[in-house]
């Protein structure tokens with residue numbers, strides 16, 4: 001499994017459900033951003049302690 005793949009990014013995003021509620025406009029905006037591989041790589045590379053949108 002690609003550590004920077006879309007499935008991994010969605011799992012991480014889903015774990016941020018307090019900050020980014022599922023089915024919210026922010027959640028769907030985030031999904032659009034994660035389509036871009038460079039943005040996805042940056043998102044997944046950020047320290048999890050400070051990872052918020």
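Against the list (1) part of a loop (DSSP other than H, G, I, E, B); (2) at pLDDT 95 or above, the condition residue 39 fails is (1). Among the conditions (1) at pLDDT below 95; (2) loosely packed, with under 13 Cβ neighbours inside 10 Å, the only one that residue 21 does not satisfy is (1).
The values are calculated or read from the model by the stated rules, or taken from the named source; none is laboratory data. Quick caveat, the model's predicted, so the values are computed rather than measured. Here the Cβ is made from the backbone with ideal geometry for all residues, glycine too, and neighbour counts use every protein chain on show.
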